[in-house]
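Student: Handing you this structure, nothing more for now.
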Amino acid sequence: MGARTLVILGASGDLTRRLLMPALFRLHKIGLTRDLRVVGYAIDDWSVDHFRTHIGASLREFSDDFDKLSAQRFIKTLDYVAGPLESDALAAIGKKLSPETLFYLALPPSLFGTAAQALGEAGLAQSPRGGWRRLVVEKPFGVDLASAEALHVRMHRHWDESQILRIDHFLGKEATQNLLVMRFANRLLEPVWNARHIAQVQITYAETLGVEHRAAYYDHAGALRDMLQNHLMQLFCLAAMEAPSSWDGEVLRDHKVEVLRAVRAIRGNVARHAARGQYREGRFGRRRVAGYRDEDGVRPDSRTETFAALRLEVDNWRWQGVPFLLRSGKRLAADTSEIAVQFRGVPGALPGALRAANPNWLVLRLKPKQQMDLELTAKRPGLELEGRTVVLTAPYRSEGDKVFTAYEQLLIDALAGQREHFLRFDEVEWAWRIVDPVLRAWRRGEPEAYAAGSDGPKSQGRLLDAGMQWRTLAA
Ligand code: BG6
């Protein structure tokens, strides 16, 4: 028996096939998890061989690092048990576990509570002497504050907070972690990282993809729950939090919670603080794509938003008066993701044409490129004293760098018990507190229609201050 075991609940599902197995395969291939046994568990009545063949085909499709021989070696380490999420059935996997065992809930969110409880009742949550049991929970954690609290209480009947690892895979992304390093390992930035020098911060995650095959989940979630409450809120935290006194996981998370708590509650005029849209049919070049309501599995009268934007205001000394603008949507004009910080214009008198010089932007790009761009004004060559924007670009990667995907990083962390890239419950809780009033207001009315391939609904403009614009969605 291997020294460590990973049990994936929901092993016949999409997350396992597309993300977990390619990550586990790569880690196995480069020798980081040779001691790990992987046991798949799911309701489908499959044999171990069937499971292995299924995963083999998935690796061929989704792994960037596929080669037949390594895939065969990896697949041989996989085991499979068929059964429901009930304690009697789960108890049967007890004998397959090692002293160090990680359970991964790769399940629909509505089953997280049931699975955690069933594992607990089967006696599998108890860490053995000298070993450990941990539980990885996917997002979204609840569908609002009340359900998140209820889920938390249910999980805690059998699992201790120190055993629960709530995933937000954006925290496993190299580019997200770079935001922390960039902010806190460069002396240059801290003195200007505040309301005195920064006018606004725009955090964008735009996709050209539509809902794809995920309508069963997405049509009940929508963009605010799918992207903003978790992923973009985390990027916001990292951009806005105070400098931690140490890089200890608890200290980092304390600081994130502190800034979430400083976000002014959205009351009254929700349209000034939140915008929503839903894509209709449209074009990407010559390709026509269907509208959201015509997608497979979407209710024909669905009012689910496929675009959401939030304006957050932070009531503390550092950020008083600076809007943080978060937006994300599907079927938008470009696949782009960035954290863009706009500095204020320079004070005082500039000669002639220089007066129109654009304020500087510092843009940390996550997608499609991973790089930092600092937009500065420099002299336009010629006889006049005119300025133009020049860009200092710092690519995040160099040739030959070893990079890891978010799931590779998070699986390694979970096995090692490193918790800083996972969410503590109070982070989840405070993020729900911020979006709950918007969710309540959105029970009425409809999202604004926007054409697929566009920049999203017009109503997002109401979130901006006079003279500000959303950045264009350029790839
Ligand atoms: C997921 C969302 O959490 O993140 C998806 O459910 C979204 O809707 C995805 O497409 C984006 O993540 P990534 O890693 O592809 O940038």
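Coordinate-derived values only; no laboratory data. Being a predicted model, the structure only gives us computed values, none of them experimental. Quick reminder, even Gly has a Cβ in these numbers, built from the backbone with ideal geometry, and neighbours come from all protein chains shown.
Student: Looking only at the stretch 107-118, decide whether some residue is part of a helix (DSSP H, G or I), surrounded by 15 or more Cβ atoms within 10 Å (Cβ to Cβ), among the aromatic types (Phe, Trp, Tyr) and more than 24 Å from the chain's Cα centre (by Cα). First the steps, then the outcome.
Tutor: Just the residues of the stretch 107-118 that are part of a helix (DSSP H, G or I), to begin with: 109-118.
Checking the rest, the ones that are also surrounded by 15 or more Cβ atoms within 10 Å (Cβ to Cβ) come to 109, 112-118.
From the residues that got through so far, the ones that are among the aromatic types (Phe, Trp, Tyr) too are 112.
Filter once more, keeping what is more than 24 Å from the chain's Cα centre (by Cα): none.
Looking through the stretch 107-118, none of the residues is part of a helix (DSSP H, G or I), surrounded by 15 or more Cβ atoms within 10 Å (Cβ to Cβ), among the aromatic types (Phe, Trp, Tyr) and more than 24 Å from the chain's Cα centre (by Cα).
Student: Still on this structure: Return the total of residues in the stretch 428-450 being outside any helix (DSSP H, G or I) and surrounded by fewer than 17 Cβ atoms within 10 Å (Cβ to Cβ). Steps first, answer last, please.
Tutor: Going residue by residue through the stretch 428-450, those that are outside any helix (DSSP H, G or I) are 442-450.
Subset that is surrounded by fewer than 17 Cβ atoms within 10 Å (Cβ to Cβ): 443-446, 448-449.
The number of residues fulfilling the criteria is 6.
Student: Scan the stretch 366-394 residue by residue and report those that are of a type in the set (Ser, Thr, Tyr) and either closer than 29 Å to Ala406 by Cα or in contact with a His (Cβ under 9 Å, 6 or more places away or on another chain) (or both).
Tutor: From the stretch 366-394, those of a type in the set (Ser, Thr, Tyr) are 377, 389, 393; that's our starting set.
Across the stretch 366-394, the qualifying residue is only Thr393.
Student: From the list Ser337, Ser398, which one is out of contact with any Lys or Arg (no Cβ under 7 Å at 6 or more places or on another chain) and closer than 26 Å to Asn178 by Cβ? Steps first, please.
Tutor: Details: Ser337 fails: out of contact with any Lys or Arg (no Cβ under 7 Å at 6 or more places or on another chain).
Just one listed residue meets the conditions, Ser398.
Student: Any residue in the stretch 240-250 that is within 15 Å of the ligand (Cβ to nearest atom) and either over 28 Å from Lys369 (Cβ atoms) or out of contact with any Pro (no Cβ under 8 Å at 6 or more places or on another chain) (or both)?
Tutor: no
Student: Okay, moving on. Quick check on Gly210: is it among the small types (Gly, Ala, Ser), assigned to a strand (DSSP E or B) and either within 12 Å of the ligand (Cβ to nearest atom) or buried (at least 23 other Cβ atoms within 10 Å of the Cβ) (or both)? Please lay out each step first, then the result.
Tutor: Numbers: among the small types (Gly, Ala, Ser): yes; assigned to a strand (DSSP E or B): no; either within 12 Å of the ligand (Cβ to nearest atom) or buried (at least 23 other Cβ atoms within 10 Å of the Cβ) (or both): yes.
No, not satisfied.
Student: Separate question: If I filter the stretch 144-164 down to residues being within 21 Å of Leu232 (Cβ to Cβ) and in contact (Cβ under 8 Å) with a residue 12 or more places away in the chain, which single residue comes out as surrounded by the fewest Cβ atoms within 10 Å (Cβ to Cβ)?
Tutor: Going through the stretch 144-164, the residues within 21 Å of Leu232 (Cβ to Cβ) turn out to be 144-145, 147-148.
Among the residues that remain, those that are also in contact (Cβ under 8 Å) with a residue 12 or more places away in the chain are: 144-145, 148.
On the way: Asp144: 16, Leu145: 18, Ala148: 21.
Filtering the stretch 144-164 for residues that are within 21 Å of Leu232 (Cβ to Cβ) and in contact (Cβ under 8 Å) with a residue 12 or more places away in the chain, the one surrounded by the fewest Cβ atoms within 10 Å (Cβ to Cβ) comes out as Asp144.
Rundown of residues vs (1) touching a helix residue (DSSP H, G or I) at 6+ places or on another chain (Cβ under 8 Å); (2) farther than 21 Å from Ala414 by Cβ; (3) touching a residue at least 12 places away in the same chain (Cβ under 8 Å), yes/no style:
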position	(1), (2), (3)
Ser47	no, yes, yes
His50	no, yes, yes
Gly56	yes, yes, yes
Thr77	yes, no, yes
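One line per residue, one yes/no per condition, for (1) assigned to a loop (DSSP other than H, G, I, E, B); (2) farther than 21 Å from Arg183 by Cβ:
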{"position": "Asn230", "(1), (2)": "no, no"}
{"position": "Cys237", "(1), (2)": "no, no"}
{"position": "Glu242", "(1), (2)": "yes, no"}
{"position": "Ser246", "(1), (2)": "yes, no"}
{"position": "Glu250", "(1), (2)": "no, no"}
{"position": "His255", "(1), (2)": "no, no"}
{"position": "Val259", "(1), (2)": "no, no"}
{"position": "Ala265", "(1), (2)": "yes, yes"}
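Student: Then there's this: Among what's in the stretch 165-188 and is touching a residue at least 60 places away in the same chain (Cβ under 8 Å) and not in a helix (DSSP H, G or I), pick the residue that is farthest from the ligand (Cβ to nearest atom).
Tutor: So the residue we want is Leu165.
Student: Determine if the stretch 192-202 includes at least one residue that is closer than 22 Å to Pro109 by Cβ and buried (at least 22 other Cβ atoms within 10 Å of the Cβ). Talk me through it step by step, then tell me what you get.
Tutor: At the first step, the residues of the stretch 192-202 found to be closer than 22 Å to Pro109 by Cβ are none.
Scanning the stretch 192-202 turns up no residue that is closer than 22 Å to Pro109 by Cβ and buried (at least 22 other Cβ atoms within 10 Å of the Cβ).
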